[in-house]
Each structure stands twice: as C-alpha cells, then as structure tokens.
1. If I go through region 368-388 residue by residue, how many of them are at pLDDT 95 or above and either hydrophobic (A, V, I, L, M, F, W, C) or closer than 12 Å to GLY336 by Cα (or both)?
2. Quick check on my filter: what residues within region 255-273 are surrounded by 14 or more Cβ atoms within 10 Å (Cβ to Cβ) and in contact (Cβ under 8 Å) with a residue 60 or more places away in the chain?
3. Can you confirm whether region 151-158 contains a residue that is touching a helix residue (DSSP H, G or I) at 6+ places or on another chain (Cβ under 8 Å) and at pLDDT 95 or above?
4. Of the residues that sit in region 274-289 and are aliphatic (A, V, I, L, M) and surrounded by 15 or more Cβ atoms within 10 Å (Cβ to Cβ), which one is nearest to the chain's Cα centre (by Cα)?
5. For region 302-316: of the residues being assigned to a strand (DSSP E or B) and aliphatic (A, V, I, L, M), which is nearest to GLU333 (Cα to Cα)?
6. Select from region 202-229 the residues that are surrounded by 16 or more Cβ atoms within 10 Å (Cβ to Cβ) and among the β-branched types (Val, Ile, Thr) and write down the one among them that is farthest from SER254 (Cα to Cα).
7. Take the residues in region 186-217 that are hydrophobic (A, V, I, L, M, F, W, C) and farther than 19 Å from ASP348 by Cβ, then tell me which one is nearest to the chain's Cα centre (by Cα).
Amino acid sequence: MKSIKYIYSTLFLLVAGIVTVQAQDKKQDEKGVVTEEVEVVRPYKPILAEAVKLRRSPNLDDVKTYKAKFNYSITDRKLELNSDIQKLQAQALADEKASVLVNNYVKGAFGSQATLLGEAYFNTGKDEGLQLGGYFKHFSQEGKLNKQNSSSQQLSVFGRSILDENTVSGRINFERNGTYFYGIDDARPTFNTDPQKQALTFVELEGELVKNFTEDQDAFIYALKANGYLWGDKYDAKESYFTLNGYVNKRISSFNLGLAASTEFGNTKDALTSVGNNLLRLNPYIRLQVKGAKVTAGINFVQEFGAFSSTRIFPAVTADFTLIPDYLQVFGEVKGDVNRNSLKGFTDENPWLNNNILVKNTVEKLSFSAGIKGTGGPGFGYKAKLYIRQFDDMPLFVNNFTDFNKFDVIYDFGKTKLTGLEGEISVQVSDALKWTGKLNIDDWKPAQETYSWFKPGLKVSSNFVYTFNKKLTFNAGVVIQDDVKAKLYLSAPVNPLQYVVPNTSIEEIVTVKGYVDLGIGADYKINNKFSVFAKANNLLNKNYSRYLYYQVNGFNIFGGLSYSF
C-alpha cells in the first residue's frame, strides 16, 4: 500500500516539474530571450587536498616536560618562638681621623696706661686618666693719679689621676696683688702726697679624693677634701687656715642617707691682735628623689671654738620640683649657717684695708629663697629667685678717721635683714650669637647703722659674644651699679664701743655715685696657631669709685698676640 502511495507521489512531482519548465520556456519565448537548457547532474561539493587540512585545536601531546636540576641541603636550625621586637644593630662608622688637640698657649699684650699682660697655660695632653698642668698670669697698669699703680700675678700647678675606684686631684696656687693707698680727697689734695705701698700674698694647697661614678644606684658614695693657705700683707698682718671636708652618701630605694662634715682652723695675727677662729660643722640629711621631685631635709650643726665659743643648730631644707620637663622647675631652700670671716676674704673685696682689723664671724640666722628656672627652647635659659636673709654681726667697711684712705671693718650689731631678687638669662640665637645677663636688686635693712655701707641696691652685668666668621669674633660686656652710701667720722671715736653702737653726732654720710662700665673686645684667628686680640675698657671714660676716694682707671685699650701649641 505504501509503495503505491510512493509511486503516485513521484509521478505527481515529475509531471509538475515538467509543466513548470515548459511554462518558463513559453515565457522566455514570448519575450524573445535566448532559450537554453540546463542539466542538473548533482549538488556542488568542494574537496580540499589532504596537505592543507588544519585542525581546529593544536595537538599538545608531543610537548616534552622540562625538569630543572636543583642542588640543596637542609640546615639544622632551632625554631625560635620569640615574638619580641629584635634590637637593631647599629652600623659601625668608619674610624675618624684623630683630631690634634691644642693643650697649651702663651699670650702677651701691651697698651695704654702702661698696661702689660702675660699669660700662659700648659697641659700634658688628652689622657684623662692622668693630667698635669699649670697656669700663669701677670697684669699691671698705671693710672693718672699719683701711685695709681696695680699689679697682680697668679701661678697654679694642678694634677689629676683617675684610678680604678677613686679620682685623686690636687693643686698649688700662688697669688700676689700689689697696689698703693693712692686714695685722694679732692677737697684735701695735700693729705696724701706719698701713698704707702701694699702687697698681698697668698699660697694655697688643696687635695681631693672622690669616689668614681658607678651605674649602681645603691653604691656607697664618698668624698674627702683638704685645703689650707697662708696669707700676709706687706706689714704685720698674717693669716693661716686649714679645713677638712668629708661627705658620705648611701641610697636605699628612693631615699638617700648622708652626712657632710667639715672642720676649719683659722688664726689671724697683726701687731696688736691675735684671733683663733675655728668651726666644726655636721650636716646629716635624708633625701627623697623620685621622678620630677627632689627633697632634702636635714640640720646644720655648727660649733664655734677658739676666741669665740657657741653652739648652734640650723635647718637645712631644699626642694626641687619639675613641673614641665626641661622647661619649668620650681625650687626653694631654707637654711642657716655661721659664715667665717677672714682677712683674705676682706681684702678680696677691698684691698685697701687698715691694720689690726677685728675678725669675728657672721651668723646667718635664717635664709629663705625660692624661684623658678628652666629653658624656653633651644638656646634659651632663665632663672629667677627671691631671697630673704637675716644676719647677726654683718661686716661693713668704713673709712678710718686718721688715715682716711684706709678702711676699717665694723660689725652691725643686731639683726640685718636683706630682701632681694636675682634674675639670670642666657640667649643663644645661633652658633654665632650669644648673650647672657644677670640682675640683682637688694633691699638692705641695717640693724644699728643708718645704712649698710658700700652695699649697692642694684647691680646689672651682661656679656655679648658675636662670631662674625671662623676667624673673627667680637665680645662686649657691661657692669652697672647704683649709688652706695659711705660713713665718715667727723672726730675720732672715743673708744672701740663706738664701732659697735654708732654715734650719729660724729658721723657724716657721703654718697658714692653709681657707674656704668662698658668694655669691648675682638679676636682674629690668623691660623691654627696664631691669633691677635684687642680689648678696650671703660669706654665712657668715667672716673667712678667703687670705694670712697679710690677712682678707677679711665679709658684704656690694649692688644697683643697669642700662640697655641
């Protein structure tokens, strides 16, 4: 049945195809188009040669695997389970070329008013374990007044040796100051036509033993120092002195327990006087030192023996608190002491001392001071202090009635009170510019005297250094002091008691005017060995007086050469 359907279908398609072809031929004939016959044999099928056949994906089966050869070994190392930050090892710097130290120099200069300067310094070298050295200086001038001459010589030899546990040092000092009693009263110029000469000599020996620094904060610390001197003038005055100081300290936790002790033996002789003046001091203390604070509390036990005998105990308390590290500290002190007076100390202040001076000690009953100090940044430092001090037997200089150009020492019997303010400042703008200044304002309240003679109420000092370049440096200094009062006797005191209790009926008060002393200097470095310098003093050329009747030298200038080696 299916074959009959298949036959009928094939015949139908064949007949339809023939009729369609004949119909197209008739249409072409009707249009006059060329008639052609197309015979279809089979469909077109392109065939490519075997050589140009390409696969759609490359065949990777023929790629060979490359295996590298390694040579290695296993290190036997312990695994450290340490999570702490390891310390970095600083890279060592290359050795620097050893610098050539200049340990010695000599200096010489001359100038106006017969100024003569000679100076020398010697040292063994850079070995800190053993050092020996010496220093010498001579300076002299001649003023315009009759015998207004002065000269001074200083000689010092010193040594130091650093041992395993201690440091030993010592020195020998010699000083000589020569001058004349050239003081002149302008109202009585004929009273001193032939000034007497004065020469003060001083020989000192000193030795010290100190425990070396150790990082052990609980170590036992100690120090021992001995000092003695001989002093004399051109006449009959002589003085000998010996002192021995000791110090021990032991730290326990945040506390320090210590003891400072000293003994002083002094003897002063003149033609009519002889005084033995000795002291013994004991200062036990306890100190608390923690971060930002240091407080020391103790007592000062002082025993006088010899010509004077007394026993006194004073407080000795100091405190220092850091409010802002490096910028602001607050400090305070409460103390008392017995200040030993001596002819050496008096002549260091006033070399025109009379003969047969009475020497006695001054008791500093109670002193209180408090202030602040710190820095305001790089190159800036400051300190300000307020103090209140009380003295018994305050020594004062007065002109002698007979020899008006010589000074006696009197003692203001009773309680002298001093209230003062002290300020210091240091400013370093750069490596080339530095300025320092100091101010003292004192208010003296004498016990029996009308004034505290020759004690200034205001004193200012300042210093300025400017480095222009590596070779040239300038410096300047100024000292300012206000008026002081001096006492003159209109008649000779009847007895020594009038030196203790003043008698205003035979006294005259004289004002010694204040002064401003300005000086400048310059140094020029020629090379590493030679340099030249110049200095000018009293630029305002004021013939002021520090002590009544004694004018200082006016304007003077000198210069010279220094050699370093």
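The values are calculated or read from the model by the stated rules, or taken from the named source; none is laboratory data. Predicted model only: the values in this text are computed from it and were never measured. Virtual Cβ from ideal backbone geometry, glycine too; neighbours counted across all protein chains shown.
1. 7
2. GLU264, GLY266, THR268, ASP270, THR273, listed by residue number.
3. Of region 151-158, the ones touching a helix residue (DSSP H, G or I) at 6+ places or on another chain (Cβ under 8 Å) are none.
No, every residue in region 151-158 fails to be touching a helix residue (DSSP H, G or I) at 6+ places or on another chain (Cβ under 8 Å) and at pLDDT 95 or above.
4. To start, the set of residues in region 274-289 that are aliphatic (A, V, I, L, M) comprises 275, 279-280, 282, 286, 288.
Subsequent filtering for residues that are surrounded by 15 or more Cβ atoms within 10 Å (Cβ to Cβ) retains 275, 279-280, 282.
Details: VAL275: 41, LEU279: 33, LEU280: 33, LEU282: 31 Å.
Per the stated criteria, the residue is LEU282.
5. Quick first cut of region 302-316, residues assigned to a strand (DSSP E or B) only: 302-306, 310-316.
Add one more test, that the residue is aliphatic (A, V, I, L, M), and what stays is 302, 313, 316.
Details: VAL302: 18, ILE313: 16, ALA316: 8 Å.
The extreme case among them is ALA316.
6. Out of the qualifying residues, it is VAL210.
7. We begin by selecting, within region 186-217, every residue hydrophobic (A, V, I, L, M, F, W, C); these are 187, 191, 199-200, 202-203, 205, 209-210, 213.
Now drop any that are not farther than 19 Å from ASP348 by Cβ, which leaves 187, 191, 209-210, 213.
Details: ALA187: 49, PHE191: 49, LEU209: 25, VAL210: 22, PHE213: 20 Å.
Among residues in region 186-217 that are hydrophobic (A, V, I, L, M, F, W, C) and farther than 19 Å from ASP348 by Cβ, the one nearest to the chain's Cα centre (by Cα) is PHE213.
Residues are listed down the side, and each one gets a yes or a no for (1) in contact (Cβ under 8 Å) with a residue 12 or more places away in the chain; (2) in contact with an Asp or Glu (Cβ under 6 Å, 6 or more places away or on another chain); (3) assigned to a loop (DSSP other than H, G, I, E, B); (4) farther than 26 Å from ARG176 by Cβ:
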position: THR318; (1), (2), (3), (4): yes, yes, no, yes
position: ASP326; (1), (2), (3), (4): yes, no, yes, yes
position: VAL338; (1), (2), (3), (4): yes, no, no, yes
position: ASN341; (1), (2), (3), (4): yes, no, yes, no
position: GLY345; (1), (2), (3), (4): no, no, no, no
position: ASP348; (1), (2), (3), (4): no, no, no, no
